[in-house]
Amino acid sequence: MADDTETDPAAVTATTAGATAEWAPEVLWSPARPEDSAMARFATWAVDERGAPLPEPLDYEALHDWSVQDLDGFWSAAAEFCGVHFATPPTATVRLDDGGDLGGTTWFPGATLNYAEHALFPAIGGAADDVAVLALGEDGRREEVTYGRLRELVARARAGLVRAGLRRGDRVAAFAPNTTETLVALLATTSLGAIWSSCSPDFGARAAADRFAQIRPTVLFAARGYRYGGRHFDIRASIAELRDRLPDVDLTVLLADEAAQDEAAPDEPLDAAATISWAELTAEAGPLAFDPVPFEHPLWILYSSGTTGLPKGIVHSHGGIVVEHLKTLRLHFDLGPGSRFLWFTTTGWMMWNLLVSGLTTGATVVLYDGNPGHPDLSTLWRLVDEHRITYFGISAPFVRACAKAGIEPARVADLSSLRAVGSTGAPLSPDGFRWLADQVGGHVPICSLSGGTDVCSGFLGAAPLVPVWVGELSCASLGASVHAFDQAGRDLVGEVGELVLTRPMPSMPVALWGDDDGSRLREAYFEHYPGRWRHGDWVVRTPRDSFVIHGRSDATLNRGGVRMGTADFYAVVEDLDEVADSLVVDTTALGADDEGALLLFVVLVPGATLAEVEPRLRSTLRRELSPRHVPDRIHAVAEVPRTLNGKKCEVPVKRILAGVPADQAVSTGALANPAALDPFRALVPDP
């Protein structure tokens, strides 16, 4: 979600975008047998069973056009083909606002269903002895859980929650690692129509409370500790502090701490009277049942970064997530029985929610809990080999770190099981595309994705029918009508504009928590371009209908009238071997006539000095970008401040440098490394 700062995207002429029409990027991958994909089978089925107006042979452009022009036809067909089970059938597929306002859309009115039922009884696969979950720990722990065993565990956890008095609409919070128990807790909660919300245990008590206190949970799941980077962290004191901040919690369930050195350690300072173990919660068998809830009933609450205030609680619905995730995972990711789906994530990032939805396709979801760089950056690649992963998801910063560290996955692991590699979290650079292709082979598509917590899915990504071009996201997702708009709302091709959706999607949030009149929801998404969804990213739509993300529109670099996204800047700076990380800030005030300073902060690799690196940085930026984008000053810092989900804090740093007190510019509880702000505070003169 975009911060509250606004920028004017008029006359965007970033140097890399101006030549978009002439781009002829290298094709890294082309579909060899597209007809074998679930997406192609869906298209054929839609023609035969629904009379969809698709050509033969099929092309993705026609399929996508149908998906955004005929919302009723496409989404009803996708729901049926992907196996959405309605306890009560809908009376329609979609009801649009009379004035065309996306915020007024109603999906599948009258329908009831339950997310947990789709995860535990997928339409294809999911036999009792099929492996549903493979849970791995950085210390070598390994657990296989079949669909039959997973159903039993969920039934037991559900029975325990019923005994505890949990009811439909109650909120359940999880301060928990990426383990089987956390997944079981999610499914048991949602089977009852209660609402789930989770944070990773490395958030800290204050950061978790900033999120959970808003929703007033009555049940808290928490692990006594977790392992990361070869160390065990006991967080019982944080759990006690968190409970003090959550007065409505009347039951705390302690998950197993399998990485603890002393499992017999007492649970003080926790109150034993209000705390039970996971074993106690699941001690008694119970029936496995699923409460049908309305399509729009809240499923889970995710959170914005919270760097400039309390995190916004983004409410997603049972139906919206079921339909959107099945469309994405079945048709775009091509997951199904026999697939092994691993995306490195924690429970505090929306990718965890997408990962566990892999169950709805009959695939095996692979949960990895730990540090992806321990004992070295080859760890996840070795897991691909050992566990025959078919779809492997990582982040662009992880790719860059592997490349800079000289990791050669193909030399340390057999990657022949891979059918696709996904990347998200930041734009994947052209060098990142090439590095991945060199490692996994030209037969494996590199699927760079972009979307967000706001929809718990992606707008842009890849498809089995579309080539992969270096540096580009191959296509807009089915059902996602993605455009690049200038300030006046004109559609752009080959130029940088605001990423805007002109048609609704089922997983758009049903609410922001506590926003009773919907005004904050409208302000966040639908006011800048009235009735349209403005996402807050700079994007170029190419003549091939592929896309390039240029960074957040609220962190734009505006130099001499030339606007550029920060992603373009980082791609140049971080390509230098001596630069481990960087952050760039344009201090020009919004609406100011006078241009501010362009400041670059770099984290150097051990042994490198700023005196040696700075001249080459300046000449490289001048050559690769423009003379206007040579920084006024370059500073070396120990680390770049990042949110708990790893995003660079460009806007908060800009506010600090503008003189806003740090405690007003950013919520330090939302940061993974609050001390990283100190060098920026030091640059601001005392008043």
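The values are calculated or read from the model by the stated rules, or taken from the named source; none is laboratory data. Since this is a predicted model, take the numbers as computed values, not measurements. Virtual Cβ from ideal backbone geometry, glycine too; neighbours counted across all protein chains shown. For the accessible areas, the whole protein counts, side chains as well, though only heavy atoms, and no ligand, DNA or RNA atoms are used. Shrake-Rupley method; radii C 1.70, N 1.55, O 1.52, S 1.80 Å.
Is the shape of the stretch 105-203 rounded, prolate or oblate, going by the alpha carbon gyration tensor and its root eigenvalues a ≥ b ≥ c, with a/c under 1.5 for rounded and a/b larger than b/c for prolate?
oblate
How would the chain be classified by its alpha-carbon gyration tensor: rounded, prolate or oblate, with rounded meaning a/c under 1.5 and the a/b versus b/c comparison settling the rest?
rounded
What residues have an amide H closer than 5 Å to that of Val496, excluding those fewer than 5 places away on the same chain, when H is modeled at 1.01 Å from N in the peptide plane?
Ala14
Using θ = phi - 60° and the Karplus curve 6.51 cos²θ - 1.76 cosθ + 1.60, what whole-Hz ³J(HN,Hα) does each residue of the stretch 451-464 get, with Gly and Pro shown as x?
x, x, 4, 4, 10, 6, 6, x, 8, 10, x, 10, 8, x
If I take every Cα pair under 8 Å that is 6 or more residues apart in the chain, average their sequence separation and divide by the length, what percent do I get for the relative contact order?
15
List every residue whose amide H lies under 5 Å from the amide H of Ser448, counting only residues 5 or more places away in sequence or on a different chain, with H placed 1.01 Å from N in the peptide plane.
Ser423, Ser474
Using the charge dipole of the chain (Lys, Arg: +1 at Cβ; Asp, Glu: -1 at Cβ; taken about the Cα centre), state which of Leu677, Ala462, Ala213 has its Cα farthest towards the positive end.
Going by the Cα projections, it comes out as Ala213.
Scan around Asn178 for amide H atoms under 5 Å from its own, H built in the peptide plane at 1.01 Å from N, and keep only partners 5 or more places away or cross-chain.
Residues meeting the criterion, in which the H sits 1.01 Å from N, are Thr347.
Please label the shape of the stretch 538-687 as rounded, prolate or oblate, based on the square roots a ≥ b ≥ c of the eigenvalues of the alpha-carbon gyration tensor (a/c under 1.5 means rounded; beyond that, a/b larger than b/c means prolate, else oblate).
Since a/c stays below 1.5, the shape of the stretch 538-687 is classed as rounded.
How high is the relative contact order of the stretch 341-398, given as a whole-number percent (alpha carbon pairs under 8 Å, six or more residues apart)?
RCO, the stretch 341-398: 43 percent.
So what is the relative contact order of the stretch 128-226, in percent, for Cα pairs below 8 Å that sit 6 or more residues apart?
So the answer I get is 27 percent.
How much accessible surface does Arg231 have with a 1.4 Å probe, in Å² rounded to 10?
140
Please report, as a whole percent, how much of the solvent-accessible surface of the chain comes from carbon and sulfur atoms (probe radius 1.4 Å).
49
Using the Cα atoms as the points, what is the convex hull volume per residue of the stretch 299-449 in Å³?
It comes to 120 Å³ per residue, whole-number rounded.
Taking the full set of protein chains and a 1.4 angstrom probe, give the accessible area of Glu49 in square angstrom, rounded to the nearest 10.
My reading of the accessible area for Glu49 is about 120 Å².
About the Cα centre, and with charges only on the beta carbon of Lys, Arg (+1) and Asp, Glu (-1), how big is the dipole of the stretch 568-646? Nearest 20 debye, please.
100
Not counting ligands, DNA or RNA, and with a 1.4 Å probe, what is Cys199's accessible surface area in Å² rounded to the nearest 10?
Its heavy atoms expose roughly 0 Å² to the probe.
Find which of Val653, His528, Trp343 sits farthest along the positive direction of the dipole of the chain, computed with +1 on the beta-carbon of Lys and Arg, -1 on that of Asp and Glu, about the Cα centre.
Trp343
Which whole-number value in Å² is the accessible area per residue of the chain, probe 1.4 Å?
So the chain comes to 37 Å² accessible per residue, rounded to a whole number.
Treating only the Cβ of Lys, Arg, Asp and Glu as charged (+1, +1, -1, -1), what charge dipole size does the chain show about its Cα centre? Round to the nearest 20 debye.
It works out to roughly 320 debye.
Which listed residue (Phe233, Ala426, Ala580) has the Cα farthest towards the positive end of the charge dipole for the chain, taking +1 on Lys and Arg C-beta and -1 on Asp and Glu C-beta about the Cα centre?
Value: Phe233.
Can you list the HN-Hα couplings for the stretch 138-149, worked out from phi with the Karplus curve (6.51, -1.76, 1.60; θ = phi - 60°), rounded to whole Hz and with x for Gly and Pro?
Result, rounded to whole Hz: 5, 8, x, 4, 9, 9, 9, 10, 7, 4, x, 5.
So what are the ³J(HN,Hα) numbers for the stretch 191-200, from phi and the Karplus equation (6.51, -1.76, 1.60; θ = phi - 60°), rounded to whole Hz, Gly and Pro as x?
Computed from phi, the couplings for the stretch 191-200 are 4, 8, x, 7, 10, 9, 8, 9, 9, 6 Hz.
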